[in-house]
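Every number here is computed from the coordinates shown, using simple stated rules; none is lab data. Note that this is a predicted model, so its numbers are computed, not measured. Backbone-built Cβ (ideal geometry, glycine too); neighbour counts: all protein chains shown.
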Amino acid sequence: MAIWATWLIVAGFLLARSLLAGVEAALHGVSPLRAKELAELYPGAGRRLLLLKTEREASAAALRIGSIVCGFAAASLAVFAAPQTVDLPTADGGGWCAVRL
């Protein structure tokens, strides 16, 4: 896989992590009374919001696990992509990860 594609995937994981953090912050920012009003006003999306607000532990756990998985995936891909991006020569003129058997 090309290095730019790996970094693009890393950026995508970081974007997904930030979006999940934003969803969690927005969910905590809505009061239960406002969630009930929205459930009456918008039956589909408002009911889902009310469900997420009433089951706080499950919602928070799912959002945090998703955020952690996205962060871990981004970090692990960045660890493998970074040495290839900065291809520093070694003392013997080989590449970054010259393996000798």
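What to note about this one:
- With each label modelled as a point 7 angstrom along the Cα→C-beta vector, the MET1-PHE80 pair spans 0.6 nm.
- Cβ crowding within 10 Å ranks GLU57, GLU24 as GLU57, GLU24, fewest other Cβ atoms first.
- Cα-based radius of gyration of region 3-85 once divided by 2.2 N^0.38 Å, which approximates compact folds: 1.44
- Take the Cα of HIS28, step 7 Å toward its Cβ, do the same at ARG48, and the gap between the two points is 2.2 nm.
- Spin-label model, GLU40/ALA61: points 7 Å from Cα along the beta carbon direction are separated by 3.2 nm.
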